[in-house]
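The block underneath contains the structure these notes are about, expressed in structure tokens.
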Amino acid sequence: MHVKEIVSDVLIIGGGPAGSIAAASLAKKGYTVNVVEKTPFPRFVIGESLLPRCNELLEMNGMLETIDKHGFMVKRGACFEMDGVRETYNFSENIGQVHGTSYQVKREEFDDLLLKQAVAFGSTLYEETEITAFDPETTTATGRDKEGNSLRFKASFALDASGYGRVFPRLLGLDEPSDLKVRSAVFTRITGDIRPKDETEGYIYIYVHGNNDAWIWVIPFSDGVTSVGVVCSEEYFSTFGLENEPFWDMIITSTPGAAERLANATKILPVGKIEGYSANVKSMVGKNYCMAGNATEFLDPVFSSGVTLALESGNRAALLIDRTLKGEAVDWENEYAAYMMKGINVFREFVSAWYDGRLQSIFTVTEKPEKIKRAVSSILGGYVWDDRNIFVKNPRSAMAAVLSQITPTSSTI
Ligand SMILES: Cc1cc2nc3c(=O)[nH]c(=O)nc-3n(C[C@H](O)[C@H](O)[C@H](O)COP(=O)(O)OP(=O)(O)OC[C@H]3O[C@@H](n4cnc5c(N)ncnc54)[C@H](O)[C@@H]3O)c2cc1C
């Protein structure tokens, strides 16, 4: 059987945020870029709350204007409710970063806009085509389009941005289990929530359930629809022996802040569930290939870091691919993998501190030095590479130092 061979400078597997930003960046530099995407767009994917660092990365690649114009809900911060305390972070109250807002986005719309921009900048999109094999020796991937035709994509460099598809980790034996506990998210979209009437209207609200047994995200969109998800350990979910919808109902109605906000809500989608979403890789890079976004490591949804890390890694990969293709020496382990791990590890410490209660201890102390609030706000804004921030330099010891500095106070909402 004849297999059509398609040659380009760069092959990108996956048209999510990581793939689109890399494609846009490289196409603008004049490279031939093939983007191969399995799922027909627009397509749903979970992960709807962005961070200000996303806006900065999109701006750097000429992709922000379209997003600004679309009418997404402006997200100015994050609000955490726990133990009768409300802790609010306004992203503009940071340690000096320029972007102090972001967006709440329906990913089917956001990702579609980004992919279209990547094409407008000159990338070629192979829609509804699934990559099924990859030969790292020749940087050649094999795929199948929706008519069942086999296609062979040969490139000078290949980027795996296949997200939950995890193409290279699976095909090259690079998958590694995450060191985080197995958690599940049970989620839907609703209308009719009672939104705050102040500047926190567009904020993400996080409500802690019970004794830190679960938490709830409430992400408001600009069309009146709101995304609501419950996150807990798989163990906790199983104790109740409930199906997704009654479990979601039970958690919402028994969590005071969320119950109030969602008292008149109507579900507009079936309640779905994703479990065991955390993932890791043995290595992010190889000879003439690398991985970006969720195809590398995914931690946890609690600080909405996924799209930020996807855009950061897609952008970084594109800059290094450019240098590699120009024949410059690039230390991929150091300049790419170690760089990405630095930011991921800051989020990792925040995620661990959220679940083991250290961060909640900081949050529930209402009278905190402004310096600490701003440092936390910057991290929550996705600025996890800025060495001016104490949490970036050494996240573990900074967390301990902050905890020892502040004394618990009680305050109620
Ligand atoms: C419960 C939960 C809640 C989350 N909430 C947030 C949040 O609020 N904010 C946030 O920033 N992040 C959140 N995330 C994370 C977010 O979903 C991801 O980090 C983000 O989508 C990663 O982007 P990506 O570009 O790497 O991959 P994706 O967006 O998954 O895109 C990958 C693309 O690759 C395509 N693909 C897969 N396999 C193949 C193949 N074999 N061939 C061709 N194409 C292929 C897919 O169809 C897909 O379109 C959440 C995650 C979970 C699990």
Practice task
Could you check what % of the DSSP bridge pairs in the chain are antiparallel, to the nearest 5?
Solution key: 70
Completion exercise
For the chain, the longest principal axis of the Cα atoms and the Cα long axis of helix 370-380 enclose an angle in degrees, to the nearest 10, of 40
Handout entry: region 269-413 - convex hull of the alpha-carbon atoms, volume per residue in Å³
Key = 150
Problem - Helix 395-405 vs. the chain, principal-axis angle (Cα, 0 to 90°, nearest 10) - result: 10
Completion exercise
Once all protein chains are kept in place, F44 shows an accessible area at probe 1.4 Å, nearest 10 Å², of 100
Problem - Intensity falloff of the chain expressed as log10 I(q)/I(0), Debye formula with alpha-carbon point scatterers, at q = 0.07, 0.10 Å⁻¹ - result: -0.33, -0.67
Problem - Coil-residue GluC sites (Glu not before Pro) of region 299-351, DSSP, other Cβ within 10 Å capped at 15 - result: E328
Exercise for the section: At 7 Å along the Cα-to-beta-carbon direction for both M60 and E127, put a label point, then send me their distance in nm to one decimal. Expected result: 3.1
Fill in the blank from the handout: Placing each pseudo-label 7 Å from Cα in the direction of the beta carbon, R152 and E243 end up separated by a distance in nanometres of 4.9
Handout entry: Principal axis dimensions, region 183-275 - Cα atoms, whole angstrom, descending
Key = 37, 27, 20
Practice task
Any lysines with Cα under 29 Å of the K69 Cα? List them, leaving off those in the same chain fewer than 8 positions away.
Solution key: K28, K29, K38, K106, K116, K197, K267
Practice task
Over region 183-275, with every protein chain in place, what whole percent of the accessible area is carbon and sulfur at 1.4 Å, could you tell me?
Solution key: 53
Problem - Accessible area of the chain divided out per residue, in Å², using a probe of 1.4 angstrom - result: 40
Completion exercise
Gyration tensor (Cα only) of region 31-160 to equivalent ellipsoid, semi-axes in Å sorted down, yields 36, 17, 15
Practice task
Provide the three semi-axes, in whole Å and in decreasing order, of the ellipsoid equivalent to region 1-81 as defined by the square roots of 5 times the Cα gyration tensor eigenvalues.
Solution key: 31, 17, 10
Completion exercise
Yeah, region 55-105 with a ≥ b ≥ c from its alpha-carbon gyration tensor (a/c under 1.5 is rounded, else prolate when a/b outruns b/c, oblate otherwise) is oblate
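The values are calculated or read from the model by the stated rules, or taken from the named source; none is laboratory data. These numbers were taken from a predicted model, which means no experiment stands behind them. Don't worry about glycine lacking a Cβ; one is built from the backbone with ideal geometry, like all the others, and counts go over all protein chains shown. All accessible areas refer to the heavy atoms of the entire protein, side chains included, with ligands and DNA or RNA removed. Shrake-Rupley method; radii C 1.70, N 1.55, O 1.52, S 1.80 Å.
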